[in-house]
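Shown next, in structure tokens, is the structure this report addresses.
The values are calculated or read from the model by the stated rules, or taken from the named source; none is laboratory data. Remember, predicted model here, so these are calculated numbers, not experimental data. All Cβ positions, even for glycine, are placed from backbone atoms using ideal geometry, and neighbour counts span all protein chains on display. We work out accessible area using only protein heavy atoms, side chains counted, and drop any ligands, DNA or RNA first. Shrake-Rupley method; radii C 1.70, N 1.55, O 1.52, S 1.80 Å.
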Amino acid sequence: MASQEDVFKKIVAHCKEYGFVFPSSEIYDGLGAVYDYGENGVELKNNIKGYWWDFMRLLHTNIVGIDAAIFMHPTTWKASGHVDAFNDPLIDNRDSKKRYRADVLIEELMAKYDEKINKEVEKAAKKFGDAFDKEKFMATNPRVLEHVAKREEIHNRFKKAMNDVNLDELKQIILDYEIVCPISGTKNWTDVRQFNLMFSTEMGSTADGATKIYLRPETAQGIFVNYLNVQKTGRMKLPFGICQIGKAFRNEIVARQFIFRMREFEQMEMQFFCRPGTEMKWFNYWKQHRLNWHKALGLGDQKYRFHDHDKLAHYANAATDIEFEMPFGFKEVEGIHSRTNFDLSSHEKYSGKQIKYFDPELNESYTPYVVETSIGVDRMFLSIVCSSYKEEQLENGETRVVLSLPPVLAPNKVAVLPLIKKDGLPEKAQEIMDLLKYDFKCVSEEKDTIGKRYRRQDAIGTPFCVTVDHQTLEDNTVTLRYRDTMQQDRVKIDDLFNIIDKACNIKHLLRKLNADEKAENLSAE
Ligand code: GAP
């Protein structure tokens with residue numbers, strides 16, 4: 001069986017071969033941790049954004065969208081704390097000359113202990129079969145207890161060092177637990193230093209006295225500085241949300257794993273403004289609500305988990321990640337943060353403008369609290385492609401590669417394929433395209449055997465293929481082939497719209513999500 005690393009390499013290669021993701025400016029050998037989306041990638045990415053954008057604005061009449069500029073007044077970043085505190089703790093290995101994030105090295109060590117514990121559990125589960133009592137085993141097995149204690153010890157020291165921003169202690173943990181450089185294998189480490197992640201540039205010419213400005217490291221600040229505008233012009237009443245999709249930039253030092261950690265990426269963020277004291281209620285609501293949004297795509301409920309933060313960002317009083325199981329382990333895809341009134345209060349202080357809400361029910365003014373949901377489009381893209389990529393062994397001995405993308409997100413919804421290039425079949429195929437193209441992204445292909453064309457559509461995740469043959473000219477029926485089962489049905493052209501719409505229209509997914517949540521009584525009250 002191929003290792004997860006090999007599978008991931010194949011996924012990266014597949015993304016390039018089939019027009020999903022290219023290295024940026026590849027003819028110049030690319031640019032580190034920057035990527036371009038190709039003809040299929042951009043469709044998938046836009047569909048992800050559409051699913052999120054519609055979920056936010058259509059299912060919540062108290063959420064509105066904005067599109068703020070990437071460049072912002074430089075004081076924004078002083079007020080937000082990013083100039084002083086948006087840092088990564090870095091450490092260099094003197095022998096390999098490689099640079100690492102000290103926190104990541106320690107987290108990887110803790111993950112190794114988790115792995116050891118899991119292995120012991122798996123081994124025992126196999127040995128004892130149905131009689132296996134995991135809880136008892138975890139509480140009594142000496143090897144497991146030893147690993148758990150060690151992990152706990154590292155975890156406690158790490159948590160304290162991060163919260164105290166104690167760089168010397170971070171280095172000491174690395175030395176005490178003998179973490180070695182994966183390249184040189186040595187423990188010849190430098191001290192840990194802070195490194196600010198923001199990119200800066202200059203606005204205006206130097207002669208005029210250029211101003212140093214930053215490329216935004218998060219889209220959220222564009223929402224905070226527009227809070228007053230939107231509250232007033234939209235006549236918004238608390239609680240309400242403002243959402244936005246846009247680019248963000250971070251000078252990531254350890255930029256690995258393809259589009260997982262990029263220097264230019266896209267975020268979908270929503271700031272939910274609420275009355276002080278209600279923020280934990282809303283935090284818990286948004287945690288569950290966002291998880292439901294992910295799960296509704298049908299990639300498998302077991303692939304998600306929450307990870308509560310040990311170290312809270314400078315603005316937060318509670319934070320959790322929604323993690324997704326990637327080929328390289330469970331990784332953060334989305335963050336849900338209770339940001340208190342930190343940002344609005346700070347902008348009030350730095351700008352000198354009153355940023356308050358008059359609450360008619362309480363008959364008082366206050367600075368709203370904020371619960372934020374923040375998801376990376378590119379990470380979401382990666383999680384979807386990774387879990388959809390499948391290599392299947394067919395009965396005839398062939399293998400096929402299929403991207404079982406959720407149909408609502410697939411770049412193309414339907415491929416219309418004339419069986420042969422003559423006898424009026426291409427013209428009939430065009431007629432069908434004309435019927436469907438206003439509602440669904442369609443493709444047509446005439447070259448190659450029908451089998452090869454099916455394979456190509458499987459590889460880019462097209463949920464439906466419609467084959468036009470001679471019988472079509474006689475009775476207006478076509479062969480409809482389903483991507484995942486490869487089943488083929490004879491259907492009327494008139495029925496195509498409904499079949500494709502049912503599977504591919506985001507509207508149906510949102511309606512089901514809403515109904516399921518109502519049945520579960522999910523509410524913030
Ligand atoms: N406004 C809050 C905020 O930006 P974050 O946890 O730093 O929080 C939110 O980022 C999300 O943005 C992450 O969960 C991740 O999906 C995405 N993200 C962050 N840094 C990224 C990077 N370098 N490359 C790709 N996505 C990134």
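When the pairs 119/287; 9/126; 98/150; 112/150 are compared against a 21 Å limit on Cα-Cα distance, 119/287; 9/126; 98/150 fall above it.
The residue list 246, 233, 262 was ranked by how far each Cα lies along the charge dipole of segment 220-302 toward its positive end, using unit charges on Cβ atoms, and 233 comes out on top.
Each residue of segment 85-93 was assigned a 3J(HN,Hα) from its phi angle through the Karplus expression (A = 6.51, B = -1.76, C = 1.60, θ = phi - 60°), giving 10, 8, 10, 10, x, 10, 9, 10, 9 Hz with x at Gly and Pro. Between amide H atoms placed 1.01 Å from N, distances below 5 Å from residue 194 occur with 90, all of them 5 or more places distant or on a separate chain. Among the chymotrypsin sites (Phe, Trp or Tyr not before Pro) within segment 401-480, those in coil by DSSP and having at most 16 neighbouring Cβ atoms inside 10 Å are 438. Extension gain for residue 390-residue 57 works out to 116.5 nm (0.36 nm per residue, less the C-alpha to C-alpha distance). Per residue, segment 134-187 exposes 64 Å² of solvent-accessible protein surface, assessed with a 1.4 angstrom probe and all protein chains in place. Among the trypsin sites (Lys or Arg not before Pro) in segment 206-246, those located in a DSSP loop and surrounded by at most 13 other Cβ atoms within 10 Å of their own Cβ are 235, 237. Could you give the distance between the Cα centres of segment 63-142 and segment 289-318, to the whole Å? Computed from Cα coordinates, the inter-centre distance equals 14 Å. Listed by chain and number, the lysines whose alpha-carbon sits under 21 Å from that of residue 353, ignoring those within fewer than 8 places in the same chain, are 78, 232, 237.
In terms of the mean number of neighbouring beta-carbon atoms within 10 Å, the peptides 19-31, 85-97 order highest first as 85-97, 19-31. Within the accessible surface of segment 435-489, defined with a 1.4 Å probe on protein heavy atoms only, the carbon and sulfur portion equals 49 percent. For a straight C-alpha distance cut-off of 25 angstrom, the lysines reachable from residue 421 (same-chain residues fewer than eight places away being disregarded) are 413, 437, 441, 447, 452, 492. Each of the peptides 341-353, 407-419 was scored by the mean count of other Cβ atoms within 10 Å over its residues; in descending order, highest first, they stand as 407-419, 341-353. Prolate is the label for segment 1-143, because the ratio a/c of its alpha-carbon gyration tensor axes (a ≥ b ≥ c) is 1.5 or higher and a/b is greater than b/c. So how far, in whole Å, is the C-alpha centre of segment 186-245 from the one of segment 503-525? Segment 186-245 and segment 503-525 have Cα centres spaced 33 Å from each other.
Quick one: check the C-alpha center-to-center distance for segment 340-356 versus segment 366-397, whole angstrom. Centre-to-centre distance over Cα atoms comes out at 34 Å.
Among the GluC sites (Glu not before Pro) found in segment 447-520, those both in a DSSP coil and sparsely packed, with 15 or fewer other Cβ atoms within 10 Å of their Cβ, are 520. The packing ranking, built from the mean of other Cβ atoms within 10 Å per residue, places the peptides 102-115, 294-307 in the order 102-115, 294-307, highest first.
Just the protein heavy atoms count here, and of the accessible area of segment 117-240 at 1.4 Å, carbon and sulfur take up 51 percent.
With a/c under 1.5 counting as rounded, go ahead and sort segment 137-293 into rounded, prolate or oblate using the C-alpha gyration tensor (a ≥ b ≥ c being the square roots of the eigenvalues; past the cut-off, prolate if a/b is larger than b/c, else oblate).
oblate
In the chain, the DSSP-assigned H stretches of four residues or longer account for a calculated mean residue ellipticity at 222 nm of -13000 deg cm²/dmol, using -39500 (n - 2.57) per stretch and the full residue count as denominator. Only Cα pairs under 8 Å and 6+ residues apart enter the sum, and on that basis the relative contact order of the chain stands at 14 percent.
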